[in-house]
Structures are given as C-alpha cells and as structure tokens.
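The values are calculated or read from the model by the stated rules, or taken from the named source; none is laboratory data. As the structure is a computational prediction, the values presented were derived from the model and not from experiment. Backbone-built Cβ (ideal geometry, glycine too); neighbour counts: all protein chains shown.
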Amino acid sequence: MTEGLNKDFDKTVCIVGSGLSGLTCGMRLAKAGFHVSIVEELASPGGLLAYTRIGREYLELLPHHLRKSDKALLSLAREMGVEDKIHWYDSTWAGRASHRKVGYFDGGFSCLVSSLIQDITDCGSHVLFSTTVAEISELGTDDGSKGYRTSCILTNSTRYVIDSRYLIFTGSCRTFVNVSHGLPIPIDLRDIMMNVTYKAGLSVMLVSKKPISEMFFQHAPDFMPFDNIINHTAGFGERGYGGNVIYLTGRCSTTDNLWIESDASIMTRYFTALRKLYPSLRKSDIKSWRVTKTRYAISERYPDIDLTNPCENLYICTSGLTRFQTKDLPVNHMDPVVQLAGSICSQIIAKAKETEEKHATEDNQTEITDLAGLV
Ligand SMILES: Cc1cc2nc3c(=O)[nH]c(=O)nc-3n(C[C@H](O)[C@H](O)[C@H](O)COP(=O)(O)OP(=O)(O)OC[C@H]3O[C@@H](n4cnc5c(N)ncnc54)[C@H](O)[C@@H]3O)c2cc1C
C-alpha cells in the first residue's frame, strides 16, 4: 500500500512514535494544515507515558508528575484544555520535608494524551498503531526536493509505505541509525548518534491494600534491585484505584540477567527487597502488580552537537537529544521534549510557507510568460 505523492505533498509529514514528542508534533502540524501520519509500533499511544486502567482510574505504567517549572508542558496542557485537571500537592521526599509541589492530572496523563490524539484526528490526520517502522529511505520527487519513504510492517506482516515531504523520528537515536541506512548521513554523525546511550527501565507497579509510608519519593538503598520507591498514593491520594499504588523503578542494561527474567521472578525479587524496608508488608496485601520493561528508558550520554536535523526535511525529536538544550539537569524530561517539538514544528511550518511562496511566484511567472505569448 502506498500513501502520499498527491498535489498537497508539500504538506505531508510522517511521524514515527506516538509518545509525548510524536503527539505534540502531530497536534501542532495537523493544526497548521499538514496531513500527518503517525506510526506507532505499540498497540496504544503514550510511549513512556502509556497507561492502563486500575480500579476506576487510568494510571501510567511508569510514575510521572508535573513540576511548576515545566513551563512548556504546562502551556501545552493549557492549550489542550486540560490545565484545570492539574492539582498541586505537597510531597515528602526522603530526607527532605515537603520541599516541592508536584502536579498530577485528574484522570492521569491519559487526559493529555487523549486530547492530543483528539485534536490530531479532528484535523483529518491519523495514528497507525501496531505498525513498526523498518526502514526510512529517500524519495525522488519531481522537483528534486527531498521527500521520504517510510516502510512499515504491520503485526500481520503486511508492508505499508508512507511517502511524505517531512519526517520526524521520535524513537531512540539507536533505532534511528538502524532504520536509516539508506539516508545520506555522514558516518561520523551516525557514530555520534549510536553513542547516545540509554539505560533500560525495569519497573514494578504494585497496588497494595494498605499504605506502606507517607513518603512520596525515596531512593532505595544500594543493595536493592531497584533505584527508587515512588509512593503515588502518598503523593496524590487514594483516588479511584481501589488501593495504594507504589512504583519500584529501576534501571538495568539489556545484557543483565534481570532483563530477561520472567515478570513473576522480577516481581519476587523486587517485593522481597521492599519487605526488607517494610517488614509488615505481606504478599496477601498486594491486590495486583505489573512489570514494565522499557528498552530505551533513560538517555545517559548526550551528543555535544545538534543532531535534530541530520538531513533536509528530516528531524529527530527525542529526549536523548534534549539535554544539550538546557543548562539545568532535567530530572524531568517531558518539558524539554515539548520545547524541542515546538521548535521543530516551527521550522517545518516556516519551510512549508517558503516552498508555498516559491511555488506561487513560479506560477505567477508562468502565467506572465503565457500571457506574453498570447500578446
Ligand atoms: C520511569 C520513568 C519515569 C519518568 N518520570 C518522568 C516525570 O515524572 N516527569 C518527566 O518530565 N519525565 C519523566 N520521564 C521521562 C518521560 O517519560 C519522557 O521524557 C517522555 O515520555 C519522552 O517522550 P517521547 O515521545 O520523546 O519518547 P517515548 O515516550 O519513548 O516515545 C517514542 C515512541 O516511539 C515508538 N517507536 C520507537 N521506534 C519505533 C519504530 N521503529 N516504529 C514505530 N514506533 C516506534 C515507541 O513505541 C514509543 O511509543 C520518566 C521516564 C521514565 C522511564
């Protein structure tokens, strides 16, 4: 199947990934009149912000919260009409009394993700789920300007091809290098992208019948298999979960044995370690649990050059590239990602306008020449 190459080709964009970066870019460009195709390999949207239903509420599989300093993210929430769903809470972080406010949406971050998708589809653009981008190649277009062919594989092994003038990739830098062999990107730039290294994430979300502590955020002692204990309910209340939600978040390498262990065995390890801190917690207190593995969870090494636009009309928008954009250490990554998405979309909108004006001038000149021929 092929899509694209119509008269509006100059306003087509393919976006790889439906995480916060992909959906923010998708919303901005769809609203600016572009025809956007978002391709997502998972069956649902959100990327690292993916959520599930627990009790009567939606909840992220990985713990997320807002800060007052997340200016771009808060402004996106305002634009999406979900700012009034944010509530600010005093939180208690280990070793420090409630030193900062943390924000959380009524209904979780799912409300932001859903309203982004709603805006995208309302504008006539679409998101394709369970569709993996396997290759990105250059597309020869009539006027010689750059376009891209994104070759995808659906879960039933069908191939699907999307042709577009612009392409935005929001997966990891490593995945980008693996799917872009045919693009004219110098080898040294590819090496730099391969060196944007990531740690995998291994997190367990527990719903316990009883609370374990009043502390919202705690670093786990070094001997524990996880790094942090995030006591979601202590931060944001009991809500509709039907229990107390606790996240145990850890990092590992995909070469660690832990990475290939079964979910049940990871849960046993994490729970046994948690009981060393909270001995009164019993297995029978756990109502439900879920292990989440993310291969590219946290970018660790950042490039010192701007890699966001390695080829004409092609952009990379991923948290692996955002640190060089800010002087603060971003414990929170969503805000820089939203800023980067905004800046990439402004560049694309400006380029499309330039192309439109160029075509209009060319059309005018052709008309004048035709008229001159008639005289
Ligand atoms: C445990 C944890 C807690 C966090 N908590 C916070 C927090 O409290 N505050 C904060 O600001 N940030 C937090 N972050 C960071 C935040 O989640 C990320 O910065 C943000 O979600 C990144 O969004 P993204 O769209 O750039 O990437 P992602 O969410 O990773 O989205 C990329 C998408 O691309 C898709 N994709 C990749 N390759 C392909 C392919 N070949 N074909 C099709 N689709 C593809 C993926 O499936 C994915 O959906 C946390 C991260 C972790 C791991």
Worksheet entry | Out of L307, L248, sole residue that is at pLDDT below 95 and surrounded by 16 or more Cβ atoms within 10 Å (Cβ to Cβ) | L307
Discussion item. Can you tell me how many residues within the range 129-138 are within 17 Å of the chain's Cα centre (by Cα), surrounded by 18 or more Cβ atoms within 10 Å (Cβ to Cβ) and among the hydrophobic types (A, V, I, L, M, F, W, C)?
Written reply: 1
Worksheet item: Looking at the range 179-194, which of its residues are within 15 Å of the ligand (Cβ to nearest atom) and surrounded by 15 or more Cβ atoms within 10 Å (Cβ to Cβ)?
Response: V179, S180, L183, M193
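Being acidic (D, E) and closer than 28 Å to K351 by Cα is the filter here, so list the residues in the range 33-60 that pass it. Outline the logic, then answer.
Step one: of the range 33-60, the residues acidic (D, E) are 40-41, 57, 60.
Hit for the range 33-60 is E40, nothing else.
Would you tally the residues in the range 36-85 being part of a strand (DSSP E or B) and within 14 Å of the ligand (Cβ to nearest atom)? Before you say what the answer is, go through the steps one by one.
Initially, the range 36-85 is screened for residues part of a strand (DSSP E or B), giving 36-39, 46, 51-54, 57-60, 66.
Retained after the next criterion (residues that are within 14 Å of the ligand (Cβ to nearest atom)): 37-39, 46, 51, 59-60, 66.
Total satisfying the criteria: 8.
Every residue, every condition in (1) in contact with a helix residue (DSSP H, G or I) (Cβ under 6 Å, 6 or more places away or on another chain); (2) touching a residue at least 12 places away in the same chain (Cβ under 8 Å); (3) part of a strand (DSSP E or B); (4) crowded, with 20+ Cβ neighbours inside 10 Å, yes or no:
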residue	(1), (2), (3), (4)
G107	no, yes, no, no
T121	no, no, no, no
Y160	no, yes, yes, no
L167	no, yes, yes, yes
Fill in: Whichever residue in the range 336-375 is more than 29 Å from the chain's Cα centre (by Cα) and in contact (Cβ under 8 Å) with a residue 12 or more places away in the chain and, among such residues, is nearest to G147 (Cα to Cα)
T355
Worksheet item: Among the listed residues F129, F105, which satisfies the condition of being within 16 Å of the ligand (Cβ to nearest atom) and closer than 30 Å to Y160 by Cα?
Response: F129
Worksheet entry | Count of residues meeting criterion [part of a strand (DSSP E or B), of a type outside the set (A, V, I, L, M, F, W, C) and more than 22 Å from V16 (Cα to Cα)] in the range 177-229 | 5
Discussion item. If I ask for residues that are at pLDDT 95 or above and either in the same structural domain as I229 (by TED's automatic domain parsing) or acidic (D, E) (or both), which ones from the range 63-84 would you list?
Written reply: E79, E83, D84
Item to complete: Go through (1) more than 29 Å from Y160 (Cα to Cα); (2) of a type in the set (A, V, I, L, M, F, W, C); (3) within 16 Å of the ligand (Cβ to nearest atom); (4) assigned by TED's automatic domain parsing to the domain that holds F9 one by one and return the number of the condition W93 breaks.
Response: (4)
Worksheet entry | the range 258-279, residues that are free of Cβ contacts under 8 Å to residues at least 12 places away in the same chain and under 27 Å from the mean Cα position of the chain (by Cα) | I260, E261, S262
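Just for the range 10-35: of the residues that are assigned to a strand (DSSP E or B) and near the ligand (Cβ under 7 Å from one of its atoms), which one is nearest to H359 (Cα to Cα)?
Taking the range 10-35 as the starting set, the residues that turn out to be assigned to a strand (DSSP E or B) are 12-16, 19, 35.
When the remaining residues are screened for being near the ligand (Cβ under 7 Å from one of its atoms), the result is 16, 19.
On the way: V16: 28, G19: 34 Å.
Step by step, filter the range 10-35, then rank; the result is V16.
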Item to complete: Please verify whether the range 265-279 includes one or more residues that are assigned to a strand (DSSP E or B) and surrounded by 15 or more Cβ atoms within 10 Å (Cβ to Cβ).
Response: no
Worksheet item: If the Cβ limit is 6 Å and pairs must be 6+ apart or interchain, which residue in the range 19-38 that is closer than 16 Å to I162 by Cα pairs with which residue that is charged (D, E, K, R) and near the ligand (Cβ under 9 Å from one of its atoms)?
Response: none
